[in-house]
Ligand code: NI
């Protein structure tokens, strides 16, 4: 198991439509484990394969991570595993008309957040890490995270849901943030 470097915008791999996985193999299962390690270490609640430079339709998420009793403190990385979920070739089957607004961030847009509106509930089918098909109905944060990660597989970032004015602002702030945290970011990211 290993932690992988995370690609930061505007890397072209993040704008590409990722390829479907035709057959889930041990290589994919290894990749999934490394993606989970990378996500927990970041720390984050979701990660899509293009974010670690692999243009494949694979995403992982965990919206049930245990939290430290002290809000200002991160749990040690080995204690962050809650309920990891793996989606290979995910397909959106249905989304609710009811919408939800959430302050979203992205490991590929470090340090930046903005409110994004998405359907509150979605139904998705996918393959798990054993190649077995399953279906889920996601609500709330789970739904937001799942849609955010599926977007990554289509080369779409949360900033693409913003007005051009807001998007430009986020990109300007990202440039500043990157400059100010360059050394730290270079340890874990590909800039
Ligand atoms: Ni993201």
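In this entry, residue 129 is excluded by the filter for residues that are part of a loop (DSSP other than H, G, I, E, B), within 14 Å of the ligand (Cβ to nearest atom) and more than 12 Å from the chain's Cα centre (by Cα).
State yes or no: is residue 96 over 23 Å from residue 25 (Cα atoms) and surrounded by 14 or more Cβ atoms within 10 Å (Cβ to Cβ)? It is true that residue 96 is over 23 Å from residue 25 (Cα atoms) and surrounded by 14 or more Cβ atoms within 10 Å (Cβ to Cβ).
Condition first: at pLDDT 95 or above, within 14 Å of the ligand (Cβ to nearest atom) and crowded, with 16+ Cβ neighbours inside 10 Å. Can you find one or more residues in segment 17-33 that meet it? Yes, the conditions are met somewhere in segment 17-33. If the condition is being away from the ligand (no atom under 14 Å from the Cβ) and farther than 20 Å from residue 153 by Cβ, then segment 84-111 contributes 96, 97, 98, 99, 100, 101.
In the condition set (1) in contact with a strand residue (DSSP E or B) (Cβ under 8 Å, 6 or more places away or on another chain); (2) without any contact (Cβ under 8 Å) to a residue 24 or more places away in the chain, residue 64 is compliant with all but (1).
Put simply, of 90, 110 the only residue that is part of a loop (DSSP other than H, G, I, E, B) and in contact with a helix residue (DSSP H, G or I) (Cβ under 9 Å, 6 or more places away or on another chain) is 110.
Taking the criterion of being in a loop (DSSP other than H, G, I, E, B) and in contact with a helix residue (DSSP H, G or I) (Cβ under 7 Å, 6 or more places away or on another chain), the residues of segment 93-107 that qualify are 106, 107.
Once segment 43-55 is narrowed to residues that are touching a residue at least 60 places away in the same chain (Cβ under 8 Å) and either more than 8 Å from the chain's Cα centre (by Cα) or assigned to a helix (DSSP H, G or I) (or both), the residue that is nearest to the ligand (Cβ to nearest atom) is 51.
In segment 116-126, what residues are more than 15 Å from the ligand (Cβ to nearest atom) and part of a strand (DSSP E or B)? Within segment 116-126, 117, 119, 121, 122, 123, 124, 125, 126 meet the criteria. Anything in segment 58-83 that is farther than 24 Å from residue 153 by Cα and not in a helix (DSSP H, G or I)? List them, or say none. Residues satisfying the conditions are 66, 67, 68, 69, 70, 71, 72, 73, 74, 75, 76, 80. Selection over segment 132-158 of residues that are assigned to a helix (DSSP H, G or I) and either within 16 Å of the ligand (Cβ to nearest atom) or buried (at least 20 other Cβ atoms within 10 Å of the Cβ) (or both) gives a count of 14.
Considering only residues that are within 22 Å of residue 20 (Cα to Cα) and touching a helix residue (DSSP H, G or I) at 6+ places or on another chain (Cβ under 7 Å), which ones fall in segment 154-178?
155, 157, 158
The values are calculated or read from the model by the stated rules, or taken from the named source; none is laboratory data. Worth saying up front: this structure is predicted, and the values here are computed from it rather than measured. As a convention, Cβ positions derive from the backbone with ideal geometry for all residues, glycine included, and neighbour counts pool all protein chains shown.
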